[in-house]
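One structure is given below, encoded as structure tokens.
Just so it is clear, none of the values below were taken in a lab; they were calculated from the coordinates. Since the structure is predicted, the reported quantities are computational estimates derived from the model, not experimental observations. Reconstructed Cβ throughout: ideal geometry from the backbone, glycine too, with neighbour counts over all protein chains shown.
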Amino acid sequence: MRVVDIILKKRNNLPLTKEEIHFIIDGYVNEKIPDYQISALLMAICFNGLNREERINLTLEMLHSGEEVDLSKIEGICVDKHSTGGVGDKTSLVVAPIVASCGLKIAKMSGRGLGHTGGTLDKLESIPGFSINVSSEDFFKQVKDIGIAIVGQTANITPADKKLYALRDVTGTVESVGLISASIMSKKLASGAHSILLDVKVGDGAFMKTIDDAKVLASSMVDIGNSCGRKTVAMLTDMDQPLGEAVGNSIEVIEAIETLKGRGNKDFTKLCYEISAEMLMMTGCAKTKEEATSLIKEKIESGEALDKLKMMIIYQHGNPDVINDYSLFGKAKTDILVKATKTGYIEKIKTLDVGVSAMLLGAGRAKKEDKIDPTVGVSVKVKVGNFVNSGDTLAIIHSNGKNEKEAYKMLQDSFVISDNFVKEQDIILGIVK
Ligand code: URA
């Protein structure tokens with residue numbers, strides 16, 4: 001087989017065989033095929049796509065390029081939740097404790113944030129002492145003991161994805177349904193969960209800008225997951241405004257704790273309940289939405305869900321007192337108010353720009369090696385459709401001085417206020433099963 005023939009085949013819009021896909025992935029991981037040939041192939045895939053069989057074969061080849069986590073040692077149903085990435089997305093910190101308190105097992109490997117989107121690991125590390133580096137043995141023990149662990153990668157999973165993603169990032173070949181599906185699903189399958197809930201974000205702050213594109217991606221991932229024997233469901237959810245209020249690290253953990261105490265922001269609480277309910281239904285823990293919702297309410301009201309988070313913090317060496325004393329997180333030096341410059345309805349919040357302003361303040365990384373400042377970020381005080389008077393607070397910047405002026409200007413410009421009535425946006429946009 002010659003790589004150039006495979007590139008030409010895809011350039012001519014012909015489907016690749018299982019053997020050809022194996023040849024490519026194996027050759028690339030083992031450094032027998034250079035970056036420039038893989039780049040050409042990736043670009044041809046971006047233009048001509050991958051059919052269903054190619055997507056499944058590519059996912060499986062990437063999955064088999066590394067280790068797979070074997071969760072069969074854990075009794076019960078292991079369930080995973082994955083978000084395609086958004087601004088203020090602290091959903092896992094609420095949903096994981098809720099479903100764990102309902103009896104499901106969460107053995108989750110999360111990622112770090114890059115660019116305008118945050119990462120669960122960075123958020124958890126804002127808890128004093130909290131460790132995401134857990135040995136494989138301790139990881140399994142923790143899930144067996146308390147039903148929940150969220151850690152950094154413990155195994156060498158999907159090395160093919162690591163190499164391909166880094167190359168796609170610098171060759172303009174990220175945006176391809178086939179490539180994104182294989183990248184995400186190979187990692188999810190390698191993590192070993194029996195059931196997978198995908199939260200596919202749609203809008204300005206997400207990869208997928210339109211509902212139609214998001215549906216295509218969601219259907220592709222659900223199809224791959226189900227055909228590989230894992231029950232997979234995708235929810236399409238709004239990312240045309242930041243999720244909840246907080247965009248940062250410690251402030252997002254505080255918002256997650258407040259939500260577990262039953263005092264969360266309305267939209268964010270709704271999202272957490274809907275995702276948790278779907279996870280309970282897809283695993284057979286609840287037969288109907290009503291049954292799932294009343295179980296979730298019970299676990300929030302009794303404090304059992306919050307207790308799961310507390311236990312996870314204890315097992316992972318964090319200080320559990322943060323749950324009742326937020327001052328233990330530390331605080332940014334200055335709070336700066338961003339105010340409305342006119343009266344009217346919030347028509348649009350440029351979500352990507354809100355994420356970038358938090359990143360500029362130090363809440364995220366522009367480059368992999370950048371260091372996170374856990375205390376900085378942005379609290380967004382309004383939602384699309386809200387009426388505001390000139391001078392009302394739209395957002396608060398929590399700053400330690402880094403890029404403060406630039407972040408302020410970007411945040412101020414991210415709110416669009418209209419004289420006309422604007423309808424509130426729904427957070428749940430669809431579901432693909
Ligand atoms: N997230 C991933 O893990 N992979 C992609 O290709 C895009 C988003």
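If the chain between E424 and I211 were fully stretched, how many nm would it gain, using 0.36 nm times the residue separation less the Cα-Cα distance?
Once the chain is fully extended between E424 and I211, it gains 75.0 nm.
Which GluC sites (Glu not before Pro) does segment 382-433 hold that lie in a coil by DSSP with at most 16 other beta carbons within 10 Å?
E424
For the chain, treating each Cα as an identical point scatterer without solvent, what Debye log10 I(q)/I(0) comes out at q = 0.06, 0.11 1/Å?
Each listed q maps to, in turn, -0.25, -0.86.
Can you compute the FRET efficiency between K402 and S327 using 1/(1 + (r/R0)^6), with r the Cβ-Cβ distance and R0 = 35 Å? Round to the nearest 0.05.
Here the calculated transfer efficiency is 0.95.
Find the all-direction average of the projected area of the Cα convex hull for segment 123-226, expressing the result in square nanometres with one decimal place.
8.3
How high is the relative contact order of the chain, in percent, with contacts defined as C-alpha pairs under 8 Å that are six or more residues apart?
19
In the Gaussian network model of the chain, springs joining C-alpha atoms below 10 Å, which of A305, A44, A96 carries the largest mean-square fluctuation?
Judging by the Gaussian network model, the answer is A44.
Would you grab the residues whose amide H sits under 5 Å from the one on A395? Only those 5+ places off in sequence or on another chain, please, with H modelled 1.01 Å from N.
V338, K381
I need the shape label for segment 3-49. Rule: rounded when a/c is under 1.5, else prolate if a/b > b/c, else oblate, with a, b, c from the alpha carbon gyration tensor.
oblate
Of H317, H22, how do they rank once you tally other Cβ atoms within 10 Å and put the fewest first?
In increasing order of surrounding Cβ atoms, one gets H317, H22.
Based only on other Cβ atoms within 10 Å, what is the fewest-to-most ordering of K367, K105, K289?
Ranking K367, K105, K289 by Cβ neighbours within 10 Å, fewest first, gives K367, K289, K105.
Could you pull out the pairs from K81/K162; K266/K348; K231/K266 whose alpha carbons sit more than 26 Å apart here?
K231/K266, as the Cα separations exceed 26 Å there.
Which percentage, to the nearest 5, of the DSSP beta bridges contained in the chain is antiparallel?
The antiparallel proportion sits near 55 percent.
Tell me, L337, L243, L167, L63 in order of fewest to most beta-carbon neighbours within 10 Å?
Ascending number of Cβ neighbours within 10 Å: L337, L167, L63, L243.
On average over all directions, what projected area in square nanometres does segment 32-155 have, based on the convex hull of its Cα atoms?
Projected area, direction-averaged: 10.6 nm².
How much mean residue ellipticity at 222 nm does the chain get from its helices, if each DSSP H run of length 4 or more adds -39500 (n - 2.57) and you divide by all residues, to the nearest 500 deg cm²/dmol?
-13500 deg cm²/dmol
I want to verify a result. In a Gaussian network model of the chain, Cα cutoff 10 Å, which of these has the top mean-square fluctuation: M312, M359, M281?
M281
For segment 358-433, restrict the atom set to alpha-carbon positions and state the Rg and Dmax in Å.
Radius of gyration, then largest Cα-Cα span, for segment 358-433: 15.9, 46 Å.
Which far-off residues, 5 or more places away or on another chain, put their amide H under 5 Å from the one on K348, with H placed in the peptide plane?
Result for K348 returns V416.
Can you tell me what percent of all Cα-Cα pairs in segment 78-323 are more than 22 Å apart?
Distances greater than 22 Å cover 51 percent of the Cα pairs.
Under the rule of at least 5 residues apart or a separate chain, name every residue whose amide H is placed under 5 Å from the amide H of G244.
Under 5 Å from the amide H of G244 lie the amide H atoms of F268, each far enough along the sequence or on another chain.
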